[in-house]
Amino acid sequence: MADTMRTVIVTGAGSSRGIGRAAATRMARDGWAVALLDLDAEQARAGAAEIAKLHGVPTVGLGADVTDEGSVDAAVSEVERKLPPIRALFNIAGITSPTRFLQTTLAEWERVMRINATGTYIVTKRVTPLLVAAHDGRIVNMSSVSAIRGGGVFGGVPYSAAKAAILGLTRALARELGPTGVTVNAVAPGVIDTDIRAGLTTPEREASLAADVLLGRQGTAEEVAALFAFLASDDAAYLTGVTYDINGGSHIH
């Protein structure tokens, strides 16, 4: 990848305790310009301002609905206008749902699938031509240990299915884009201490989730962000179509 400054787009980067924000911060620390996209435009702008102050790199925070092609197109177009060339995309935006299968509704299934899987598709479809044209780029998608082990952590069937779809997208796109020099990989976290389960669980449930981890604790957003940053780095140039587990030993396969 080039030595000139590059831009990474990070979706789902609004929450101050989320993996998206941690990944954006880590990439800025590594010298990248950063575009934070989130459904909550105010949080995205606040995060961009904070990161710019901390690390002195160009940033922009934008509101974007990853399920809406027009919204995504407008946001990416603004990133193109305001920041250095886009050379990496982190698809991190997503939601979870612990609903048991027989209690799910079609509306819930479609919402979880659309935000996680279709959202990843929409943003990737918009950004990929920029990377292909440059023969240079990294796409890193957020999956989950639930996709690999079939749930059993927190998210239910719709969540596990959506995250499994992301693995299929990652592998097939890696195969298609390989000749262009663009790599496509996935990260599959286990139980991470973020706000994604906010309002859906209890302190007791959080403790039991940690108890199932061999290392005896939940992971941190910063630990997952470090893996995203590695996959965007020059050191990962020969990795594509790969899924990296980061789960503290809660699932070994």
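The values are calculated or read from the model by the stated rules, or taken from the named source; none is laboratory data. Just so it is clear, the model here is predicted, and its values are computed rather than measured. Because the Cβ atoms are built from the backbone with ideal geometry, glycine has one as well, and the counts that use them run over all protein chains shown.
General observations
A quick yes/no check of all residues on (1) farther than 19 Å from A232 by Cα; (2) aliphatic (A, V, I, L, M):
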{"position": "G12", "(1), (2)": "no, no"}
{"position": "R21", "(1), (2)": "no, no"}
{"position": "A35", "(1), (2)": "no, yes"}
{"position": "L39", "(1), (2)": "yes, yes"}
{"position": "E42", "(1), (2)": "yes, no"}
{"position": "R45", "(1), (2)": "yes, no"}
{"position": "E50", "(1), (2)": "yes, no"}
{"position": "A64", "(1), (2)": "yes, yes"}
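- Test: residue in segment 68-78 that is aliphatic (A, V, I, L, M) and within 22 Å of N185 (Cβ to Cβ): yes
- The set of residues in segment 1-55 that are part of a loop (DSSP other than H, G, I, E, B), more than 17 Å from the chain's Cα centre (by Cα), hydrophobic (A, V, I, L, M, F, W, C) and more than 17 Å from K82 (Cα to Cα) comprises M1, A2.
- Taking (1) buried (at least 17 other Cβ atoms within 10 Å of the Cβ); (2) touching a residue at least 40 places away in the same chain (Cβ under 8 Å) in turn, A44 satisfies each apart from (2).
- Test for A237: is it small (G, A, S), under 25 Å from R21 (Cα atoms), surrounded by fewer than 14 Cβ atoms within 10 Å (Cβ to Cβ) and at pLDDT 95 or above: yes
- Evaluated against (1) small (G, A, S); (2) over 20 Å from A13 (Cα atoms); (3) buried (at least 18 other Cβ atoms within 10 Å of the Cβ), A134 falls short on exactly one condition, (3).
- The lone exception for M113 - which of (1) in contact with a helix residue (DSSP H, G or I) (Cβ under 7 Å, 6 or more places away or on another chain); (2) outside any helix (DSSP H, G or I) it fails: (2)
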